[in-house]
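Reading through the structure tokens given below for one structure.
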Amino acid sequence: MTYNEITYPFDTRPGDGEVLEVSDGILWVRMPIPIPGLDYINLYLIEDDDGWTMVDSGLNTGEIRDLWRSIYAKYLKGKPITRMLCTHFHPDHMGQAGWVTYKWKIPLTMTFGEWTFGRMLYLEAQKETPDYVVDFYRSVGFSEAMLAQVRDRGFNNFRRAMSQVPMGFNRIADGDILTIGKRDWRVIVGEGHSPEHACLYSKADGILISGDQVLPRITPHIGVYPAEPFANPLKKFIDSIETYKKLPDDTFVLPAHNDVFYGLHNQLDFYQTHHEDRLNRLLSVCDTPQSAMDLLPVLFDRELDEKDKGLGIAEGLAHCHYLVGEGQLERVSGSDGIWRFQKSGAARKAVA
């Protein structure tokens, strides 16, 4: 089965509470998540000599815990979970990690940047929305009605989606080798979608467990948020593309969303052209100052509803900050406190 030059080797997917063996000793699990457009997350179990390594865990919901219990009972050959590895801190990946590590009395395995960020957001949760969060959204052009919604929703959505984030963890880093059963897996860290996203690569079998760093059909979300308001994650993501291009094109990719696939380089090329197109769109309208809210219809071909505008703003800022970093845009703050982006003096001169 193919789709836009990407090949999907399986015509079936695992059902809820079921698994599909995609390679010897590697089980593909799909868990339902209430995220429109995604609907499911892919999780993986890798057989070890005396147990199983779980890669990512799903959201913190009772439904997913029940599905995991069913899978433990039916498919794990009576062997325990001996390692809980999370690719990154996002709740659909790390949400059940605390429950899993407590149940099996094992440590959580992550990169330092991902565990730290997840632990920080879990502990930061509070009933009232902090002022710095409201100020951030005012800076990007939210209306007073939208700011009222930011205040009303509080600041504990992340915590609600998580079981308790463990106080300690086992650190992995780029280049580390993890031996799981008969395979050696190299940790390849990517950036941009999250601070220090860990992928696992088996050179011997040509398999990449890619988390959200490489996905078929869609581009990973790259956004700027209140915790790091002047970040340049798109630069980090584009730089990371070159890291994954060093892997063979026939690599078998096991992503966190959609289907397992072949066509790694095709998808990486798509990411580059996709972001290049959006950067060019921004430059084409920034002869005059534009807020992140002004730029939404430039970046997106459909009108975003209120719920999606936050994600759209985050992506728009990531593209604006990339161009600021490249010296092509300037960020200025008006008397109303709203950030606006315009071509830098150097960029205007180059066009002239």
- Message: Please verify whether ARG151 is touching a Gly at 6+ places or on another chain (Cβ under 8 Å), in a helix (DSSP H, G or I) and farther than 27 Å from MET84 by Cβ, treating the condition exactly as stated.
- Response: no
- Find all pairs meeting these conditions: Cβ atoms under 6 angstrom apart; at least six residues apart or on different chains; first residue within region 24-39 and at positive phi and modelled with pLDDT of 95 or more; second residue assigned to a strand (DSSP E or B) and open to solvent by less than 50 Å² (accessible area, probe 1.4 Å). GLY25/GLU47
- Close pairs from region 168-180: first in contact (Cβ under 8 Å) with a residue 40 or more places away in the chain, partner open to solvent by 80 Å² or more (accessible area, probe 1.4 Å), Cβ under 6 Å, at least 6 apart: ARG171/PHE112
- Could you identify the single residue in LEU200, LEU215, LEU234 that is in a helix (DSSP H, G or I), under 17 Å from the mean Cα position of the chain (by Cα) and crowded, with 20+ Cβ neighbours inside 10 Å? LEU234
- Check on ASP92, charged (D, E, K, R), farther than 23 Å from GLY15 by Cα and touching a strand residue (DSSP E or B) at 6+ places or on another chain (Cβ under 6 Å): no
- Considering only strands (runs of 3 or more DSSP E) wholly within region 1-71, the ones with at least 1 residues that are more than 18 Å from MET162 (Cβ to Cβ), open to solvent by less than 40 Å² (accessible area, probe 1.4 Å) and of a type in the set (Gly, Ala, Ser) are 20-23
- Given region 258-352, what helices (runs of 4 or more DSSP H) lie entirely inside it while holding 1 or more residues that are under 27 Å from ASP212 (Cβ atoms) and in contact with a Lys or Arg (Cβ under 8 Å, 6 or more places away or on another chain)? 264-285, 296-299, 306-325
- Message: Conditions first: (1) in a strand (DSSP E or B); (2) open to solvent by less than 10 Å² (accessible area, probe 1.4 Å). ILE222 passes all but one, so which condition is the exception?
- Response: (1)
- Message: over 27 Å from the mean Cα position of the chain (by Cα) and under 16 Å from PHE230 (Cβ atoms): is that true of ILE338 in this structure?
- Response: yes
- Query: Is there any pair linking a residue in region 144-162 that is under 30 Å from THR101 (Cα atoms) to one that is small (Gly, Ala, Ser) and surrounded by 12 or more Cβ atoms within 10 Å (Cβ to Cβ), with Cβ under 6 Å and at least six apart or on different chains, and which?
  - Reply: ASN156/ALA125; ARG159/ALA125; ALA161/GLY95; MET162/GLY95
- Before we move on, is ARG186 charged (D, E, K, R), modelled with pLDDT of 95 or more and in contact with an Asp or Glu (Cβ under 9 Å, 6 or more places away or on another chain)? yes
- Taking the condition open to solvent by 60 Å² or more (accessible area, probe 1.4 Å) and either in contact (Cβ under 8 Å) with a residue 60 or more places away in the chain or farther than 17 Å from PRO216 by Cα (or both), does GLY78 pass? yes
- Query: Which is at pLDDT 95 or above and more than 25 Å from LEU254 (Cα to Cα), of PRO226, PRO220?
  - Reply: PRO226
- ILE177, sole failed condition from (1) surrounded by 18 or more Cβ atoms within 10 Å (Cβ to Cβ); (2) more than 18 Å from the chain's Cα centre (by Cα); (3) of a type in the set (Val, Ile, Thr): (1)
- Query: What are the residue pairs meeting all of these: first residue in region 292-319, first residue open to solvent by 10 Å² or more (accessible area, probe 1.4 Å), second residue part of a loop (DSSP other than H, G, I, E, B) and aliphatic (A, V, I, L, M), Cβ atoms under 9 Å, and 6 or more apart or on different chains?
  - Reply: MET293/VAL140; MET293/ILE338; LEU296/LEU304; PRO297/LEU304; LYS309/MET293; LEU311/LEU304; GLU315/ILE222; GLU315/VAL224
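The values are calculated or read from the model by the stated rules, or taken from the named source; none is laboratory data. If you're wondering where the values come from, they're calculated on a predicted model, not measured in any experiment. Positions of Cβ are backbone-derived with ideal geometry, glycine not excepted, and every protein chain shown enters the neighbour counts. What goes into the accessible areas is simple: the full protein's heavy atoms, side chains included, and nothing from ligands, DNA or RNA. Shrake-Rupley method; radii C 1.70, N 1.55, O 1.52, S 1.80 Å.
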